[in-house]
Amino acid sequence: MLKEFKTFIARGSVIDMAVGIIVGAAFTSIVKSLVNNLINPLIGLFIGRIDLSNLVLTVGDAQFKYGSFLNAVINFLIISFVVFLMVKAINTFRKKEDNKKDTPSEEVMYLKEITELLKKNKD
């Protein structure tokens, strides 16, 4: 069982996943800072409030703090949008690199032509 565990841990996908989780955790603080220090104040200019957590609905003795929920939803949407933009930019960059790799060089094209001509001359 220990040998199977070592094999499982040594797989590339598990190591990639671990790296992704660690980088994601570190990235979270950057995105939270972006949202809290730049984007929320910008939104606050338009809606007049940055912090909605003071919004409360009181029914009898119960207090429903829907403002905190709205803050969490807004932060989630902003963070999701920022991550979407970053992934889109990274994918665009990767596609450009992939297109460069897919295009054969001039030397390769000439070598292909030469091999085709040699094949025709043999027949």
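List every residue pair whose Cβ atoms lie under 9 Å apart, where the two residues are 6 or more positions apart in sequence or sit on different chains, the first residue falls within region 34-46 and is closer than 12 Å to Asn75 by Cα, and the second residue, located anywhere, is of a type in the set (D, E, K, R) and open to solvent by less than 90 Å² (accessible area, probe 1.4 Å).
Cβ pairs passing all conditions: Asn40/Asp51.
Among helices (runs of 4 or more DSSP H) lying entirely in region 1-104, which contain 3 or more residues that are of a type in the set (Val, Ile, Thr) and under 14 Å from the mean Cα position of the chain (by Cα)?
12-34, 66-102
For region 86-123, enumerate the residues that are at pLDDT 85 or above, open to solvent by less than 100 Å² (accessible area, probe 1.4 Å) and under 30 Å from Gly44 (Cα atoms).
Within region 86-123, Ala89 is the sole residue that qualifies.
Within region 81-96, track down each residue that is more than 14 Å from Val31 (Cβ to Cβ) and aliphatic (A, V, I, L, M).
Correct list: Ala89, Ile90.
The values are calculated or read from the model by the stated rules, or taken from the named source; none is laboratory data. Since we're looking at a predicted model, the values are computed, not measured. Heads up, the Cβs are rebuilt from the backbone with ideal geometry, glycines too, and the neighbour counts pull from every protein chain shown. Just so you know, the surface numbers come from the protein's heavy atoms only, side chains and all, with ligands and any DNA or RNA stripped out. Shrake-Rupley method; radii C 1.70, N 1.55, O 1.52, S 1.80 Å.
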